[in-house]
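Chemist: Quick one: the structure is below, questions incoming.
Only the coordinates and a few stated rules stand behind these numbers; no lab work does. What you see is a predicted model; the values in this text were computed from it and never measured. Neighbour counts are summed over all protein chains in view; Cβ atoms, including those assigned to glycine, are modelled from backbone coordinates with ideal geometry.
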There are 2 protein chains.
Amino acid sequence: MTQTTMHNRQLTLASRPVGAPTAANFTLQQTAIPEPAQGQLLLRTVYLSLDPYMRGRMNDAKSYAAPVALGDPMVGGTVSRVQISRHPDYQPGDWVLSYSGWQDYALSDGERLIKLEPEQMSPSWALGVLGMPGFTAYMGLLDIGKPQAGETLVVAAATGAVGAMVAQIGKLKGCRVVAVAGGEEKCRYALNTLGVDACLDHKADDFAERLASACPDGIDIYYENVGGKVLDAVLPLLNTHARIPVCGLISQYNATALPEGPDRLNQLMATILIKRLTVKGFIIFDDYAHRYDEFVTDMSQWLREGKIHYREQLVDGLEQAPQAFIGLLQGENFGKLVVRVGDDELA
Amino acid sequence: MTQTTMHNRQLTLASRPVGAPTAANFTLQQTAIPEPAQGQLLLRTVYLSLDPYMRGRMNDAKSYAAPVALGDPMVGGTVSRVQISRHPDYQPGDWVLSYSGWQDYALSDGERLIKLEPEQMSPSWALGVLGMPGFTAYMGLLDIGKPQAGETLVVAAATGAVGAMVAQIGKLKGCRVVAVAGGEEKCRYALNTLGVDACLDHKADDFAERLASACPDGIDIYYENVGGKVLDAVLPLLNTHARIPVCGLISQYNATALPEGPDRLNQLMATILIKRLTVKGFIIFDDYAHRYDEFVTDMSQWLREGKIHYREQLVDGLEQAPQAFIGLLQGENFGKLVVRVGDDELA
C-alpha cells in the first residue's frame, strides 16, 4: 500500500504504550483525502521525521505539549509538497516544512509553514541538520553550554540527529569532544567522520572508568540527551561551573516506574551547589524561535564549507514508521531517522 | 572563662561528626596569643558568625573548600578589631571583617580584610545583612532568580540570615513572596515584619497541600537553601521557565546516607527538561566578589530607608558556639546567629 491520490493513509495512536511501544499501539487506516477550503492548502507528505520526543506524546501525561488523543494520527514534522492551493501565497508543487504528522495528506492554512528551496539542499535535511534537531544542537550547545576553546564537551547519542551536530559544533568551537555511542561501528563513524577526540561505547561494563580516562581534565559541558547511566558516569567528573543543557532523556522514555533507590535527588542538588553547575532545560521552538534565522545561516554555511557532516537513515514507506520509531528508542538507528512517505513527484 | 589578653581560646575540631554534630566534636583549648611579624596584624575577635556551610567543613570530603583539619580551629567569618598593628595600613582599634575562625585572636597580613566603619551600622551586621548572608541573598535572587513583578517567589528558612533577605528583596522587586519557616512565631514575624504574602510552617503534616494553596499561580522562583521535603513540595508547582538558585541544602547536611528509594534523580532531570527550568548553584564570594560594592550600596540604602528589617540572635561567649551551631542546623535560631566573643572595648 503506497501513497496515492485516492486515500489518506494515517498511522493513529491505537493505545498508549506501557513501557516500550509496540506495533499494536498504532493503527494504519485509510480515510478520505480532505478538501481544502478557501485560504487553505492540501499538503502531501514526502518525508516524515521520527524523533524521540514523540514517545512523550504517546503518554496521557501533562508535559510541555498536549498528548496525542487516542484515534488521532501521530504528530510529527514533515517535508511536504503543496498538492492543492487555495491560498494566495502558495503554488502547487511548493516544498514546505510542515507538522503534518504520520499521514499522507494534511490541510494547512499556511500558518507555521516554512517554504523550502530544495534546489539548494536535499529537502529532507529540513527535518534534520537544517531543522529541529540541528537547531536543538546549535542553541543548546552555544546558548546554554557556552563552549570555550580547550574545554571538554561530552555528548551521548553522538551519531544521532542531535548528538552528531553537537559533537561537530563543539569541535568547530575548539572543544575536546568526548562522544558516547552504542557500539563500535558508531564510534568509528564519530571518530573518523565527525572528528571527535574520543568515543566510548556506553554498553561497555567499565564505561564509567573509560569515561574518566577519556576526560583527564574533567568535563566542562555535558550535553544531556540520554540520562541514566551516562549521566551517572558524568556527574563525578564535572568541573566547577560546568554547564548541562538538558535536551532529552531518551534512556528514560520507556520507563514505567522510578528506579530503585537510594534516592539521589538531593545528592544531585548538592552536586549542583558544590560544583556551581548550571542545569537548564529547553524546548527548541518554544524557547529559541527568534534565533532560527541565525542558526540556518550558520549551519548552511558550515554545510557548504564541508565543516559539518550529516548522516540520514531513510526508511521507505509510511507503514514502516512504527517499527522504525520503536528501534529509535532502542538506539537502533544510525543517523537522523526519516521515513520516505511518498515520492518527490507523485505519478 | 572570658576573653583576655593573656590567652587565645580556640574551639578546634576534635572529631568529625557522624550525622548531627555534638559537643564532643569540639575542643575548647587555650594557646598562646601569636606575635605579629613585621607587616602583620594581631586581630581580636569581637563577633563570630555561625553559618550552615560550616557543617560541610567538618567533613573529610572534597567540596568547594578544604575541610577543617582535626585539631585546627573551626573556620568562620568574624568582626575583629586590630589589637597590634605592624602593618602600615592599619591602626590599633580599627574594625575589620576577617575570617579569623572560632578563636579570640588571629594573625593577618592585611590581605582579604575589609575595613568597617562601625559608626554607620552595628559592626556585627557585617556578618549578616551587610555581609556574606545578605550578599548571598542579593546575588542569588537577583542574578539567578531574576525576579519580575507579579511573579511568585518561594523561600524557605525565611527568618534565617539569608532567607529573610531573600524574602524582603523579593517584595522590593514586586514578587508575591511565599515564605516557609519552622513554627508559628517565625511565621508571624515573616508576615508582620518581613512583609511576606504568606508563610507556611514546614512542620505541618499537610505542608505540600498548603504550599499549593498559597501558590495559586504556581512558582516562578524557588530560592533553594534547605532541600528535602520543601523541595519535594515545590517541584510539582514550578512554572515553565522557573529559576532555582541553589544556595544551600541545610536539611541534608547531617545526613549520613542517601535516603531510601525510589531514585528520583532522572525524574528531577525530566522536570528540568519539561518545565525548562534553570537550576544553578553558586558560592557567593567565589562567583560574585566583583559585585560586592553594588550589593553594599543597595543594601545600605535599603537599610537607611527602613525597607529591610534585620534580626540578629546574639549568643554570649565563645564557649557557647558549639551548642548554638548545633541548634542552627536544627532550625533553633531565630534570625542571624552571631556569637559575641569579646567586648567592643577590651578592658
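Chemist: Looking only at residues in the range A:35-59 that are basic (K, R) and assigned to a helix (DSSP H, G or I), which one is nearest to A:Q320 (Cα to Cα)?
Modeler: Step one: of the range A:35-59, the residues basic (K, R) are A:44, A:55, A:57.
With assigned to a helix (DSSP H, G or I) added as a condition, the list becomes A:55, A:57.
Values: A:R55: 16, A:R57: 19 Å.
The extreme case among them is A:R55.
Chemist: Right, something else. Please go through the range B:60-92 and give me each residue that is under 30 Å from B:P17 (Cα atoms), among the hydroxyl-bearing types (S, T, Y) and part of a strand (DSSP E or B), ordered by number.
Modeler: If we filter the range B:60-92 for residues that are under 30 Å from B:P17 (Cα atoms), which is where we start, we get B:60-80.
Keeping just the survivors that are among the hydroxyl-bearing types (S, T, Y) gives B:63-64, B:78, B:80.
Listed by number, the residues that qualify are B:T78, B:S80.
Chemist: Do the conditions hold for B:R55, that is, is it of a type in the set (K, R), surrounded by 15 or more Cβ atoms within 10 Å (Cβ to Cβ) and within 12 Å of B:V341 (Cβ to Cβ)?
Modeler: Numbers: of a type in the set (K, R): yes; surrounded by 15 or more Cβ atoms within 10 Å (Cβ to Cβ): yes; within 12 Å of B:V341 (Cβ to Cβ): no.
In short, no.
Chemist: Answer yes or no as to whether A:K229 is in a strand (DSSP E or B) and within 14 Å of chain B (Cβ to nearest Cβ).
Modeler: Numbers: in a strand (DSSP E or B): no; within 14 Å of chain B (Cβ to nearest Cβ): yes.
The answer is no for A:K229.
Chemist: Let me ask something additional. How many residues does the range B:337-347 contain that are among the aliphatic types (A, V, I, L, M) and part of a loop (DSSP other than H, G, I, E, B)?
Modeler: Quick first cut of the range B:337-347, residues among the aliphatic types (A, V, I, L, M) only: B:337-339, B:341, B:346-347.
With part of a loop (DSSP other than H, G, I, E, B) added as a condition, the list becomes B:341, B:346-347.
The qualifying residues number 3.
Chemist: Any idea how many residues of the range A:214-226 are farther than 23 Å from B:D263 by Cα and part of a loop (DSSP other than H, G, I, E, B)? If you could, list the steps in order and put the result at the bottom.
Modeler: To start, the set of residues in the range A:214-226 that are farther than 23 Å from B:D263 by Cα comprises A:214-221.
Checking which are part of a loop (DSSP other than H, G, I, E, B) leaves us with A:215-218.
Qualifying residue count, the range A:214-226: 4.
Chemist: Moving on to the next point. I'd like to check something: does the range B:124-137 contain any residue that is more than 20 Å from the chain's Cα centre (by Cα) and either surrounded by 15 or more Cβ atoms within 10 Å (Cβ to Cβ) or closer than 30 Å to A:L238 by Cβ (or both)?
Modeler: Filtering the range B:124-137 for residues more than 20 Å from the chain's Cα centre (by Cα) gives none.
Looking for residues that are more than 20 Å from the chain's Cα centre (by Cα) and either surrounded by 15 or more Cβ atoms within 10 Å (Cβ to Cβ) or closer than 30 Å to A:L238 by Cβ (or both), one finds none in the range B:124-137, hence no.
Chemist: Moving on. Among residues belonging to the range A:252-291 that are in contact (Cβ under 8 Å) with a residue 12 or more places away in the chain and surrounded by fewer than 17 Cβ atoms within 10 Å (Cβ to Cβ), point out the one that is nearest to B:E224 (Cα to Cα).
Modeler: Residues of the range A:252-291 that are in contact (Cβ under 8 Å) with a residue 12 or more places away in the chain, as a first pass: A:252-256, A:268, A:271, A:275-288, A:291.
Checking the rest, the ones that are also surrounded by fewer than 17 Cβ atoms within 10 Å (Cβ to Cβ) come to A:254-256, A:285-286, A:291.
Values: A:N254: 31, A:A255: 29, A:T256: 30, A:F285: 29, A:D286: 26, A:R291: 31 Å.
Among those residues, the one meeting the criterion is A:D286.
Chemist: Which condition breaks for A:I169 when tested against (1) outside any helix (DSSP H, G or I); (2) surrounded by 16 or more Cβ atoms within 10 Å (Cβ to Cβ)?
Modeler: The failed condition is (1).
Chemist: If you don't mind, there's one more thing I want to ask. Please go through the range B:6-33 and pick out each residue that is surrounded by 13 or more Cβ atoms within 10 Å (Cβ to Cβ) and in a loop (DSSP other than H, G, I, E, B).
Modeler: Within the range B:6-33, B:H7, B:A14, B:S15, B:R16, B:P17, B:A20, B:P21, B:T22, B:I33 qualify.
Chemist: Within the range B:172-182, restricting attention to residues that are more than 20 Å from the chain's Cα centre (by Cα) and not hydrophobic (A, V, I, L, M, F, W, C), which residue is surrounded by the most Cβ atoms within 10 Å (Cβ to Cβ)?
Modeler: In this case the residue turns out to be B:R176.
Chemist: Is there a residue being in contact with a His (Cβ under 6 Å, 6 or more places away or on another chain), away from chain B (no Cβ under 14 Å) and assigned to a helix (DSSP H, G or I) anywhere in the range A:195-213?
Modeler: So in the range A:195-213, the residues in contact with a His (Cβ under 6 Å, 6 or more places away or on another chain) come out as none.
The answer is no, given that none of the residues of the range A:195-213 is in contact with a His (Cβ under 6 Å, 6 or more places away or on another chain), away from chain B (no Cβ under 14 Å) and assigned to a helix (DSSP H, G or I).
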